[in-house]
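The values are calculated or read from the model by the stated rules, or taken from the named source; none is laboratory data. Treat the numbers as computed from the prediction; the structure is a model and nothing was measured. Because the Cβ atoms are built from the backbone with ideal geometry, glycine has one as well, and the counts that use them run over all protein chains shown. Just so you know, the surface numbers come from the protein's heavy atoms only, side chains and all, with ligands and any DNA or RNA stripped out. Shrake-Rupley method; radii C 1.70, N 1.55, O 1.52, S 1.80 Å.
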Amino acid sequence: IACTRRTVYSHYEHTPISGWEKNDTLHFSISPLEEPGTYHEEIGLRIDNSYPFMSLCLVVEETVFPLGYTTRHVVNCNLIDKNGTIKGNGVSYFQYNFPVNDLQLNKGDSLHICVMHNMKREIMPGIADIGISLTRK
């Protein structure tokens, strides 16, 4: 089956399943792009049954080079509905994807993306992986 959008970047960083610390920022670097256009940025996460909350608040900070401008987005990830039903896909680990931003990028632009959690609790257990994907619209 053909896809109408092209994925130009998709990468996950592992976090300690015993607990992702609030000050442990994850970094993603996207090489210079070959084509200008509108790109859709998405965050992916994988959790297991030990995650203790119904949602997760993430801060995604992206810097576009060579201009060097930075934007910051707060992504509220609803993981479990009011009835306790898990919204993700999986059995022992659950996969979620959440939109972050649509970016207008030029040929040769590159991105540096930082992701951190913004929860009151300092250490968040049950989060296995956090990922970033960028697709050309």
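A few remarks follow.
- Residues of the range 103-126 classified as surrounded by 14 or more Cβ atoms within 10 Å (Cβ to Cβ), farther than 30 Å from residue 66 by Cβ and of a type outside the set (A, V, I, L, M, F, W, C), total: 2
- Test: residue 111 is under 27 Å from residue 6 (Cβ atoms) and outside any strand (DSSP E or B): no
- For residue 19, the conditions (1) under 13 Å from residue 130 (Cβ atoms); (2) out of contact with any Leu (no Cβ under 8 Å at 6 or more places or on another chain); (3) not β-branched (Val, Ile, Thr) all hold with the exception of (1).
- Strands (runs of 3 or more DSSP E) lying entirely in the range 24-102 (those with 2 or more residues that are of a type in the set (Ser, Thr, Tyr) and either open to solvent by 50 Å² or more (accessible area, probe 1.4 Å) or free of Cβ contacts under 8 Å to residues at least 12 places away in the same chain (or both)): 69-78
- Evaluated against (1) open to solvent by less than 60 Å² (accessible area, probe 1.4 Å); (2) of a type outside the set (Gly, Ala, Ser); (3) more than 19 Å from residue 7 (Cβ to Cβ), residue 129 falls short on exactly one condition, (3).
- Scanning the range 1-23 for residues that are farther than 26 Å from residue 122 by Cα and assigned to a strand (DSSP E or B) yields 6, 7, 8, 9, 10.
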